[in-house]
Amino acid sequence: MSVNSATAKTGGQAGAPLASRAPNAAEADSFAAFHHALLPDAAPPSPRWRISRAKGQRRWQVVAELDSTPEPARAGLCRLQRSSFHYDERARKDQRWSAGDGGAASASSSAANSTSASTSTSTSASASTSTSTSPSASSLTYVWLARGAVCTTPQPGQPGQPALLLPALSDAAAVALLRGQAELLTRARLLFAGNTSCARLRALDFTLQALGPAPAGAAGGGAMYELRYRSDRDNEARVAVRQHRAELTAWNVSCPAP
């Protein structure tokens, strides 16, 4: 195993945990109006909200996510399409929502690790909401392990949350990585200590955000994959995974600067 000493000076600094909150009435009403304008015949949306603010920042990052109905389990894998929309309160009233997360998330995108806030019946996070993907939506594929023939999206806070599926990863590899990711992260923490950008993050709680092939040129030989994690303090950690036959090994780590 090798340890990559990253050169970033700020990537290893663990900040304070992100603050989170539920959407306010103005945000919820604004998104409902935006969604109706895109899809006039669709049912009212029940988005999953990601609202977070780092210490020292004045503005909240507000993201509304809509999930498609999960596809039936295939080869032990569940999947759905997730569309993200970013809110800008400073924009004109009819231009406050745009496709994507506005940089509020990591690895993908993603479902950052900020708490998904639930609201009342009309705006509560609904993991299995069926949505039509509009041309304006930024739609990405998320996967998680099946627990039967019918796929049900885990509720916020439950283990096994959907993770972004990066391009060119086979279903078999995705299943193996999802099954082994918790142990791989535990082993990768040993590599954190030898990496200047990761050392201070070693004890933080991380959640899997994305999985896919390792970047081109990754050392290690054999099949190489990458697991991307985010902490509750908004730090990113990437674990390079080497596969030799059926064995997966945490091979390298890196912690990009924010």
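List of remarks:
- Calculated SAXS-style log₁₀ I(q)/I(0) at q = 0.11 Å⁻¹ - the stretch 146-258, Debye, Cα scatterers: -0.35
- Of the Cα atoms belonging to the stretch 10-94, the radius of gyration and Dmax stand at 16.4, 48 Å.
- Carbon and sulfur %, accessible surface of the stretch 184-258 computed with the full protein complex present, 1.4 Å: 49
- Taken per residue, the accessible surface of the stretch 168-256 reaches 44 Å², heavy atoms only and a 1.4 Å probe.
The values are calculated or read from the model by the stated rules, or taken from the named source; none is laboratory data. All values derive from a computational prediction rather than experimental measurement. With ligands, DNA and RNA removed, areas are computed over all heavy atoms of the protein, side chains included. Shrake-Rupley method; radii C 1.70, N 1.55, O 1.52, S 1.80 Å.
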